[in-house]
Structure formats: structure tokens, C-alpha cells
Amino acid sequence: MQAAALLHLLQLASPSLPVGAYSYSQGLEGALESRQVTDAASARAWIAQQLQEVVAQWEAPVCWRLIDAFSRRDAVAVAQWSERYLASRDTAEFRAESLQMGYSLSRLVTELDIADATLTALLPPPSDTTLPVAYACAVAALGIPAPQALLAMLFAWAENQVLVCVKSVPLGQVAGQRMLLSLRPEIEAAARHAQQVDDDAMGNWAPALSLLSMRHETQYSRLYRS
């Protein structure tokens, strides 16, 4: 991996990227409220399960396909996977989360002038641009190798989940870093699966997570927007 591509990837995957990921827990705060997550062991089990059964089955494969579509300037494929991903956001919070971060990242791509006209023309209207779509556009624009970009996306997701646990379980910083380090095999497995899974085998069937998300919408005390 060339130094320029690596530096671009580090910037794109940094928690300092101003897209607001720290504002969302993706259902984890609901699990904390319902006492499904109470300590380091249950927190790790929750994150690993979501990674294996939700992210590796849908978010990561969709991201992989979008990166490929943008790299080929394939407008039909970009539109297809963009529409499917947006349709898969089955609660108000999950939909608002991806659209808000997608809008922020696509605006950043435009304002930093990192993508040429052929790439930005592939983006959906701002009101329909989700995070994976904007991320894939940025990856293609910056010339980041797809496998590394996918791993970075998965690591950023896991890191944000761990940070939620550090703040809310609560866990110590060392415990959080230990947990993140221990998740490496699951992150690598998720990346491999995303690159190999057939379209017909993909899915976002996670009814318990959807119910937690809906309950979170009216949760009395909360720190996160999802």
C-alpha cells in the first residue's frame, strides 16, 4: 500500500472526521438500558454478535460492492446498492443516522474537492446519500485499495461501539483497548465474508436489534441518537 493511500485512509477512518459518528450507538445504548450489556464480557459478546450477524451480513458487503461500483464508475450499480441500503434502514433512528453521516461525508468530499466530476455525478441527491455511499465515493476518489478500506470501515464501527461501552457501561480505557484488540479475528473474518458472500446470501434480518432501536426512540434517559 502506497504511503499516500495509507495517509488518506488514516484520515478517512479517523474519529476526528467530522461526520458525527460519536453521536450514535447503533442500538447499543438500548441494550445497556435493557441490561443486556452490563460489563466487559457482555459488551464484547454484544459487539462480536452484531459484527458477525449484522455488519458482516449486510453493511460490509454493501460497502464492498459500492466501493467496486464507484471505482468502475458504474452508475447503475451505485444506484442499485444505494437504494437497497437506504431501504434496509428499518427504524427512524437508523435511517436518520446513516443519512446524516452520509450527508456530512459527501459534503466534506465536495468541499475538499477530492473527487472528480465523474465520481460526484454518481452520488444520489444529498437527502438520499447514506454513509456507505459517501464512504465508497471518498475511497475511490482517494485511490485507497478496497480491501484496506473495508477493514478500516469495520474497525471504525467496532471502535465506536467500544467507545460507547467505555462511556456507558462504564469500562476503563485499558479495558476498552483490550476489548478492541481482542476483536481483531472477528473484524478480519467479517472483511473476508463481505468480499466472498453472494448477493442472494446477504441480509439485514435482525428483528431484536430493530426493536431495541424503536424503543430507544422514546427512551427516557439517553446520551446517543441511536
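The values are calculated or read from the model by the stated rules, or taken from the named source; none is laboratory data. Everything quoted here is computed from the prediction, not taken from an experiment. Positions of Cβ are backbone-derived with ideal geometry, glycine not excepted, and every protein chain shown enters the neighbour counts. All accessible areas refer to the heavy atoms of the entire protein, side chains included, with ligands and DNA or RNA removed. Shrake-Rupley method; radii C 1.70, N 1.55, O 1.52, S 1.80 Å.
Remark: relative contact order (the chain) = 38 percent; criterion is Cα-Cα distance under 8 angstrom and separation of 6 or more residues. Model label points for Gln52 and Leu6, set 7 angstrom from Cα along the Cα-to-Cβ axis, are 3.2 nm apart.
Based on the mean of other beta carbon atoms within 10 Å per residue, what is the order of 160-172, 60-72, most packed first? Write down the numbers at each step before the final one.
Details: 160-172: 18.9, 60-72: 22.3.
Going from most to least packed, we get 60-72, 160-172.
Using only Cα atoms, find the angle between the long axis of helix 40-50 and the longest principal axis of the chain, and express it within 0 to 90 degrees, rounded to the nearest 10. With rounding to tens, the tilt is 40 degrees. Counting protein heavy atoms only, the chain has 56 percent of its accessible area on carbon and sulfur, 1.4 angstrom probe.
Considering only alpha-carbon pairs that sit under 8 angstrom and 6 or more positions apart, the relative contact order computed for region 3-110 is 32 percent.
Relative to the compact-globule scaling 2.2 N^0.38 Å, provide the ratio for the alpha-carbon radius of gyration of region 109-168.
Rg over 2.2 N^0.38 Å, computed on Cα atoms: 1.33.
For region 22-35, backbone phi angles converted through the Karplus equation (6.51, -1.76, 1.60; θ = phi - 60°) give residue-by-residue couplings of 5, 7, 10, 10, 6, x, 5, 5, x, 5, 5, 5, 8, 6 Hz, Gly and Pro being listed as x. Computed from Cα atoms, the angle from the helix 146-168 axis to the main principal axis of the chain rounds to 30 degrees.
State the Cα centre-to-centre distance between region 25-47 and region 139-210 in whole Å. Centre-to-centre (Cα) distance: 16 Å.
Calculated accessible area for the chain comes out at 49 Å² per residue, all protein chains present (probe 1.4 Å; ligands, DNA, RNA ignored).
Scalar couplings 3J(HN,Hα) for region 115-124, obtained by applying the Karplus form with A = 6.51, B = -1.76, C = 1.60 to θ = phi - 60°, are 10, 7, 5, 5, 7, 5, 5, 7, 5, x Hz; x denotes Gly and Pro. Answer rounded, prolate or oblate for region 158-226, using the Cα gyration tensor with square roots of eigenvalues a ≥ b ≥ c: rounded when a/c is under 1.5, else prolate when a/b is larger than b/c, else oblate. Here region 158-226 falls in the oblate category.
Rounded to the nearest 10 degrees, what's the angle between the helix 207-216 long axis and the longest principal axis of the chain, both from Cα atoms, 0 to 90? Its long axis makes an angle of about 80 degrees.
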